[in-house]
1. What distance in nm separates the two pseudo spin-label positions at A:Ile107 and B:Lys62, each 7 Å out from Cα along the beta-carbon direction?
2. Towards the positive end of the charge dipole of the range B:95-314, with charges on Cβ (+1 Lys, Arg; -1 Asp, Glu), say which of B:Ala201, B:Leu254, B:Ala223 has the farthest Cα.
3. Taking the full set of protein chains and a 1.4 angstrom probe, give the accessible area of A:Thr118 in square angstrom, rounded to the nearest 10.
4. Give the Rg (one decimal place) followed by the Dmax (whole number) of the protein assembly as shown, computed from C-alpha coordinates and expressed in Å.
5. Computed FRET efficiency, Cβ-Cβ of A:Met38 and A:Leu62, R0 30 Å: what is it to the nearest 0.05?
6. How far apart, in nm, are two points set 7 Å out from the Cα along the Cα-to-Cβ line at B:Leu309 and at A:Arg213?
7. So, in nm, how far is label A:Leu52 from label A:Thr118 when the simple model puts each one 7 Å beyond its Cα toward the Cβ?
8. Which of B:Ser283, A:Ala81, A:Ala112 sits closest to the plus end of the dipole of the protein assembly as shown, meaning its Cα is farthest towards the positive end, when Lys and Arg get +1 and Asp and Glu get -1 on the C-beta?
Amino acid sequence: MSTILNTTPAPEVPPTGATGASGASGPTGFRYVLHEIMRQRSTTVGLVIVGLLLLSAIASPLISPYSVTVSSCGVFDPPSAAHWLGCDGAGLDVLSLVLHGGGVSMIVGLSATLIAMTVGASVGVLSGYFGGWVDVLLMRITDYFLVVPQIVLMIVIAAVWGPSLFHVVVVIGALMWTGTARVIRAQVMSIRERVYVRRVAGLGASHGRIIFRHILPQVGPLLVANAVIAITVAVFDETALAFLGLSDPDAVTWGTIMEHAFDRAATSAGAWWAIAPAGLAVAFFIVGCYLVGRSIEDALNPRLRVSYLSAHSWRLRPLVGKKPEAI
Amino acid sequence: MYRSGYVLRRVAFAVVTIYIIATLNFLLFRVLPGSAVTRISRIPNASPELKAAVIHQFGLDKPLWEQYWIYLGQLLHGNMGISYVNQQPVTDNLWTAFTNTIPMVAIGTILALVIGIAVGVLSAVRRGTASDHIGTNLAVLFYAFPTQFLGMMILIFAAGVLPVAGMSDAFELDPSTWGHLLDVGKHMILPVLTLTLTLFAENALIVRSSMLETLGEDYILTARAKGLPRRRIIRAYALRNAMLPTITLIALSLGSIVTGAILIEIIFSWPGIGRALYSAVLSRDYPMLQGGFLVITVTVIVFNLAADLLYAKLDPRIRA
């Protein structure tokens, strides 16, 4: 993990004439961005982590050693040869639980993110594209949502609405879109003013055509970067809501595994093995998504590649020529 | 000096937000399925007469707008109702909890800020070196740990060494103020440690990317060309400008401070507002839930307002 987060300074200028899939040029061109993303080592590491977790979740019915509903060992039995990760407070095998819980947790995270991205992108595009009173109204609403501590509102809604996985997904998704809306709005506002968009508008293209054919493809990568980061937030929030007993008590997710362990006093029993695997699984998933999301964002933001004061450039800044013969 | 227009607008926004939140707080409990009316008589086989009596006692048979009017009026008088569980005024319950939460959260947040800024600046300035990798990777790791996981791990492995539950020892022998404070301080170490660890990471990552962006600005190049010493460039040119976006982003992360505080209070049995909210959820104590929601939200809004005003004071460009 030594150089994961180091986005190596890339001196080359984006090929100005390169035509991306959307027909656009410049640093947001689709192919250029994809190339930039795949060049970074953090992308590979992130994709491998997420891929492994996904695979193990899909294969969990085949590879999990014990049932997750019938107890197979003693209460809080420590890790042993038969139960690699020990047992939880109900005598269930922790390894099987974590493998099973992964799928549900990831589906919850993904569905909530889908809701949030749909709302966020719609608000952002409408607000940025139309401007005027639409913009003022939508951004005012966004501001209100942004300032309210989301988890507290989630707690209240989920508590009144009743504990269920579906409610958790809807509540997380419905409250998580504000950041996306703002980022997309800013991007759309700048795209709207580009020459080719104005030309297409001048040629008589409808609003719908401009938005779907010319603007959405341009904000696509940004939306993906946002979605990948949003999944981490959604999974995180799910564990928090589950910990407060607001998720479906019968569902096995990474969040409910930790909640059940706490509920059955794993902390006073010193049974760290009932908590740690699920917690670490969440952490790995979040790190994986974060790395991928960050490298997309870095590829989209060329400003970060220049640093006039990095440790390497401080002693000898190659203004002209390669390193040895630099002035 | 502020332009009064800017301050007025921000204050007006905060007041309107608080009003909307108060209204939402009223509506949520009446509009959502499984609302207060159906859950209020929690006796499974309550007779219709009993149900009607309970509904009448809580004034839920009045028209909605009249309930709303009474609610707002009482709220302005600081009356948030009576807790179902201990029959005490919600305001009193919450006030005790609030005063317990504030020192813990304040110390944790300040520590997280100091450590986060230090780590962020160090990694940005030494970008690409070993200290950058160690700093950022640690930050990402702690950013990824679920708060309750970190809290429970710390609890399990520190049990026996430091107090892990509650705020003070009921059997404390030293009756003096100092003895009590020392006792509370000891109980506070682990919750504050957990909060700091979960919060510093986000701050460090924000400060790092903000610093990196600032270090790429042309005025840094100019400052270097003038031959200013490195230390001065970092302190006077880069850090000052990098702190501007950082203030906003950290103000926006108040939400995660609240989340962390709630989970940590539950784990370490800290008798604060997060724990009050949690027990309100468990016992379906709606007045406490409503009150807790309102108090936390208003606090966050006020701190956001403070950050906005601070931002305007630091950056003259924003005051237009």
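1. 4.7
2. Going by the Cα projections, it comes out as B:Ala223.
3. Accessible area, nearest 10 Å²: 90 Å².
4. For the protein assembly as shown, the Cα-based Rg and Dmax read 26.5, 95 Å.
5. Numbers: r = 31 Å, r/R0 = 1.03.
My answer for the efficiency is 0.45.
6. 5.2
7. Here the answer is 3.4 nm between the modelled labels.
8. A:Ala112
The values are calculated or read from the model by the stated rules, or taken from the named source; none is laboratory data. The shown structure was predicted, so the numbers you read here are calculated from the model rather than taken from an experiment. Don't worry about glycine lacking a Cβ; one is built from the backbone with ideal geometry, like all the others, and counts go over all protein chains shown. Note: areas computed on protein heavy atoms with side chains; ligands, DNA, RNA excluded. Shrake-Rupley method; radii C 1.70, N 1.55, O 1.52, S 1.80 Å.
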